[in-house]
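Colleague: Quick one: this structure, given as structure tokens, is what I'll be asking you about.
The values are calculated or read from the model by the stated rules, or taken from the named source; none is laboratory data. It should be emphasised that the depicted structure is a prediction, and the values quoted were computed from it without experimental measurement. Neighbour counts run over all protein chains shown; Cβ positions are idealised from the backbone, glycine included. Keep in mind that these areas ignore ligands, DNA and RNA; they rest on the heavy atoms of the full protein, side chains included. Shrake-Rupley method; radii C 1.70, N 1.55, O 1.52, S 1.80 Å.
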Amino acid sequence: MAGGFAGGDAVAGRAEQYEGRITSYFVLACIVGSFGGSLFGYDLGVSSGVTSMDDFLIKFFPDVYDRKHAHLHETDYCKYDNQVLTLFTSSLYFAGLVSTFGASFVTKRHGRRASIMVGAVSFFLGGAMNAAAMNLAMLIVGRVLLGAGIGFGNQAVPLYLSEIAPYKIRGAVNQLFQLTTCLGILVADVVNYFTDRIHPWGWRLSLGLAMVPATAIFVGALFLPETPNSLVERGQLEEARRVLEKVRGTHKVDAEFEDLKEASEAARAVRGTFRNLLAVRNRPQLIIGALGIPAFQQLSGMNSILFYSPVIFQSLGFGSSASLYSSIITGSMLVVGALVSMVTVDRFGRRVLFIEAGIQMILSMVVVATVLALKFGHGEELSKGVGTVLVVAICMFVVAYGWSWGPLGWLVPSELFPLEMRSAGQSVVVCVNLFWTAAVAQCFLAAMCHLRWGVFVLFASLIVVMSVFVILLLPETKQVPIEEIWLLFDKHWYWKRIVTKDPKYQGHHHRQDMAAAAAGAVKPVVSSESEA
């Protein structure tokens with residue numbers, strides 16, 4: 001396949017000496033690797049639809065079913081406020097939170113591909129258990145297995161994609177994870193729309209179909225190359241260079257391979273990778289990548305809408321089929337947002353997408369809150385006009401999230417960590433992400449019941465905080481090689497005051513000077529070859 005790339009906006013080092021092209025081998029690796037996101041997406045979509053199906057509620061949550069149908073002509077914020085029902089959703093994310101630390105060990109010691117395969121197996125078993133569930137205990141055990149699969153997949157896939165991609169298009173490649181997540185959600189919404197008409201076992205089909213993407217990912221991973229970064233990290237230098245040459249489509253990979261080896265040597269000198277996340281020189285990565293962005297991604301309120309969109313639309317007066325149909329619309333908006341992000345992220349950068357989307361999401365939540373405050377909660381069905389305004393506002397929120405916090409919430413953290421703590425850092429990212437996912441999932445229906453329209457004002461306020469956080473603290477990582485991103489913090493208006501206080505700061509500068517000197521030494525040779 002055609003399509004070259006070369007260094008351009010690198011901070012320092014050998015980046016401008018990188019060579020290669022977009023090969024069919026690279027494209028295949030990206031497609032197979034990125035499908036790990038479909039596990040996360042399918043579960044998000046299928047869970048939200050199943051929890052609104054009458055047959056499922058009758059089987060496992062009869063109290064919720066009775067409350068749902070007690071006043072057929074009355075809309076009510078509190079119809080689905082049941083902590084056991086929300087535990088069905090959030091138990092998966094608590095399990096993923098715990099499993100990600102096991103995934104960190106597997107990812108570091110056995111490679112990114114191994115974690116993807118373990119996640120696929122666990123997700124397959126969870127889907128089978130849920131489809132066969134005869135009681136609540138089986139249902140929760142199945143959710144725990146699904147959660148373990150998501151913990152492994154979410155830990156490994158963003159790392160895999162960021163490491164295997166040429167730095168010029170790393171943003172677009174990493175966002176394949178978000179695209180397949182969105183496609184998984186959309187497919188699940190469509191499946192739910194049709195299985196809702198199959199009585200009384202349609203919900204079993206929805207849950208059981210989770211085994212299909214799990215099987216596809218496991219089989220595909222058998223043919224997946226390991227990332228050169230991981231191979232170098234584990235001392236397999238010859239194999240790492242062979243894979244790098246095959247992925248880049250050229251034997252002229254000396255500059256990039258030297259950067260990988262230097263990063264690996266620095267990684268071996270570090271002991272206690274989780275403890276090193278607390279080092280002063282790594283404070284920016286900890287605050288931005290490990291804690292801030294993954295928490296804010298969930299506190300935006302997006303996953304609450306994804307989890308409970310059919311429930312929300314039913315509570316707002318939409319019928320059962322209409323609510324599932326509305327979920328398909330929002331799922332489609334998420335896919336559109338992901339595609340827009342892939343096209344624009346390496347052209348306009350991460351910060352622009354974060355800031356623009358923040359404004360759009362705030363306005364959308366304000367519109368939803370205002371309409372609900374004025375028109376909803378008085379025991380009357382919403383008119384079609386008001387319902388249309390709500391759906392449009394929610395779609396505008398979803399599409400903005402789809403090109404910002406959705407994909408960038410995984411892309412940016414996967415870029416920030418140096419190799420020596422990349423696996424550990426990604427584990428903390430997934431842990432924090434899933435903790436807040438579970439917390440928001442567990443609390444949202446109760447919050448909607450008690451705060452009513454105020455819950456959307458709360459989300460709007462949190463998005464203001466998130467946007468200010470990005471404006472002040474996040475440097476632009478567009479088109480910066482992944483092994484040189486740590487240099488950005490030396491130049492950032494705020495973080496340079498922090499990192500310079502670390503006793504080992506001069507050691508970092510020594511490494512930077514050596515890389516720059518090596519790049520200077522290589523340049524004349526490369527230019528003479530090109531002239532020849």
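Colleague: Can you list the HN-Hα couplings for the stretch 228-234, worked out from phi with the Karplus curve (6.51, -1.76, 1.60; θ = phi - 60°), rounded to whole Hz and with x for Gly and Pro?
Modeller: Values, residue by residue: x, 4, 5, 5, 5, 4, 9 Hz.
Colleague: Right, another one. Run the numbers for Glu265 and His450: contour at 0.36 nm per residue of separation, minus the present Cα-Cα distance, in nm.
Modeller: This chain segment gains 61.1 nm when fully extended.
Colleague: Determine ³J(HN,Hα), in whole Hz, for all residues of the stretch 438-451 in sequence, where each value follows from phi through the Karplus function 6.51 cos²θ - 1.76 cosθ + 1.60 and θ = phi - 60°; x replaces Gly and Pro.
Modeller: After applying 6.51 cos²θ - 1.76 cosθ + 1.60, I find 5, 4, 5, 4, 6, 9, 5, 5, 5, 5, 5, 5, 8, 8 Hz.
Colleague: Write down the Å³ per residue value for the convex hull defined by the alpha carbon atoms of the stretch 92-215.
Modeller: Roughly 95 Å³ of hull volume per residue.
Colleague: Which length gain, in nm to one decimal place, applies between Gln236 and Leu472 when the Cα-Cα distance is subtracted from 0.36 nm times their residue separation?
Modeller: Residue separation times 0.36 nm, minus the Cα-Cα distance, leaves 80.9 nm.
Colleague: Order Thr388, Thr477, Thr250 by their accessible area, 1.4 angstrom probe, all chains in place, largest first.
Modeller: Thr388, Thr250, Thr477
Colleague: Work out Dmax and Rg for the stretch 382-472 from the C-alpha atoms and quote the Rg first, both in angstrom.
Modeller: Computed over the Cα atoms of the stretch 382-472, radius of gyration and Dmax are 16.7, 57 Å.
Colleague: Right, next: Before I look further, what does the stretch 123-177 give for accessible area per residue, probe 1.4 Å, in whole square angstrom?
Modeller: I get 22 Å² per residue for this part.
Colleague: Which net charge results for the neighbourhood of Ile164, defined as the other residues with beta-carbon distances under 15 angstrom from its beta-carbon, given Lys and Arg at +1 and Asp and Glu at -1?
Modeller: +1
Colleague: Shifting gears a bit: With every protein chain in place, what's the accessible area of Arg21 (1.4 Å probe, Å², nearest 10)?
Modeller: 100 Å²
Colleague: Give the relative contact order (percent, whole number) for the stretch 118-198; include only Cα pairs under 8 Å separated by 6+ residues. List each step's numbers first, then the result.
Modeller: Working: 55 pairs, mean separation 19.3, N = 81.
Computed over the stretch 118-198, the figure is 24 percent.
Colleague: What order, most packed first, do the peptides 118-125, 347-354, 36-43 have when packing is the mean number of other Cβ atoms within 10 Å of each residue?
Modeller: The peptides rank, most packed first, as 36-43, 118-125, 347-354.
Colleague: Estimate the FRET efficiency between Asp254 and Val465 by the formula 1/(1 + (r/R0)^6), using the beta-carbon distance for r and 56 Å for R0, to the nearest 0.05.
Modeller: With a Förster radius of 56 Å, E is 0.80.
Colleague: Quick one: if you stick a label point 7 Å off each Cα along the C-beta vector at Ile355 and Thr388, how many nm between them?
Modeller: 3.6 nm
Colleague: Also, I was wondering about something else. Given the Cα-Cα distance of Phe105 and Phe348 and 0.36 nm per residue of separation, how much length would full extension add, in nm?
Modeller: 83.9 nm
Colleague: In debye, nearest 20, what is the charge dipole magnitude of the stretch 117-262 about its Cα centre with +1 on Lys and Arg Cβ and -1 on Asp and Glu Cβ, if you could check?
Modeller: About 440 debye.
Colleague: So if we plug the beta-carbon distance of Asp54 and Leu339 into 1/(1 + (r/R0)^6) with R0 = 41 Å, what FRET efficiency do we get, rounded to 0.05?
Modeller: That pair, Asp54 with Leu339, gives E of 0.75.
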